[in-house]
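This report refers to the structure that appears directly beneath it.
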Amino acid sequence: MDCWTQGPCSALLSFLAAGLEHHSWAVEQWKALRPPLLTCEPVLTEAAFLLKREGRDADALFAMLERGIIRIAISLEGEQADLRALMRRYRNRPMSLADACLVRLSEIHSAAEVLTMDSDFRIYRRHGNKVIPVRMPE
């Protein structure tokens, strides 16, 4: 299973919004992945906001959720201590809640890759010192 993350030019946004810089790259990545893709509510919140900012609606995002293509796979309530610890560890970045959730998902699902355009994922570590497998454009 793989995770999606957000950033100023996110992989999920680029997949959903043709015409953005990395749309073709995101579509190619999508073809190589098997659903469900794991995510969290903060990622979806950011995606909906960024879609709106691009003048697009969030219908495709909701359709992906309804069809089980993407799945919310972490509970903030159940993971708050670990998320807080991650955000404290990386407060100098600063780490967003969406980023913390995806780092935590990568800890829970060790075979997962994070699909991202956020270079901070080259710095973040799971379980304190392990590199997080990522897919990002060159």
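The values are calculated or read from the model by the stated rules, or taken from the named source; none is laboratory data. Model, not experiment: these values are computed from the prediction. Positions of Cβ are backbone-derived with ideal geometry, glycine not excepted, and every protein chain shown enters the neighbour counts.
Pick from region 108-138 the residues that are within 22 Å of E21 (Cα to Cα) and polar (S, T, N, Q): which of them is surrounded by the fewest Cβ atoms within 10 Å (Cβ to Cβ)?
Of all residues in region 108-138, those within 22 Å of E21 (Cα to Cα) come to 113-122, 134-138.
The next check asks that each one be polar (S, T, N, Q); those that pass are 116, 119.
Numbers: T116: 25, S119: 10.
Filtering first and then ranking leaves S119.
Residue by residue through region 129-138, note down the ones that are touching a helix residue (DSSP H, G or I) at 6+ places or on another chain (Cβ under 8 Å) and part of a loop (DSSP other than H, G, I, E, B).
Residues satisfying the conditions are I132, P133, M136, P137.
Return the pairs, sorted by first residue and then second, in which the second residue is small (G, A, S) and part of a helix (DSSP H, G or I), the first residue lies in region 73-92 and is more than 12 Å from Y124 (Cα to Cα) and at pLDDT 95 or above, the beta carbons are less than 7 Å apart, and the residues are 6+ apart or on different chains.
Listed by first residue and then by second, the contacts come to L83/A100.
Just to be sure I understand the filter: pairs with C-beta atoms under 8 Å, separated by 6 or more residues or on different chains, first member in region 12-26 and farther than 19 Å from C40 by Cβ, second member among the small types (G, A, S). Which pairs pass?
Matching pairs, first to second residue: L20/S14; E21/S14; H22/A11; H22/S14; H23/S14; H23/A17; W25/S14.
Go through region 27-62 and count every residue that is among the small types (G, A, S), more than 17 Å from A98 (Cβ to Cβ) and surrounded by 12 or more Cβ atoms within 10 Å (Cβ to Cβ). Working first, answer last.
Start the filter on region 27-62 by keeping residues that are among the small types (G, A, S), which leaves 32, 47-48, 55, 58, 60.
Still in the running and more than 17 Å from A98 (Cβ to Cβ): 32, 55, 60.
After this cut, where a residue has to be surrounded by 12 or more Cβ atoms within 10 Å (Cβ to Cβ) as well, the list is 60.
Final tally of qualifying residues: 1.
Filter region 120-138 down to residues that are touching a residue at least 24 places away in the same chain (Cβ under 8 Å) and among the β-branched types (V, I, T), then give me how many there are.
Total meeting the criteria: 2.
I'd like to verify a number: residues in region 102-128 that are part of a helix (DSSP H, G or I), within 14 Å of S10 (Cβ to Cβ) and not small (G, A, S), how many?
Qualifying residue count for the region: 3.
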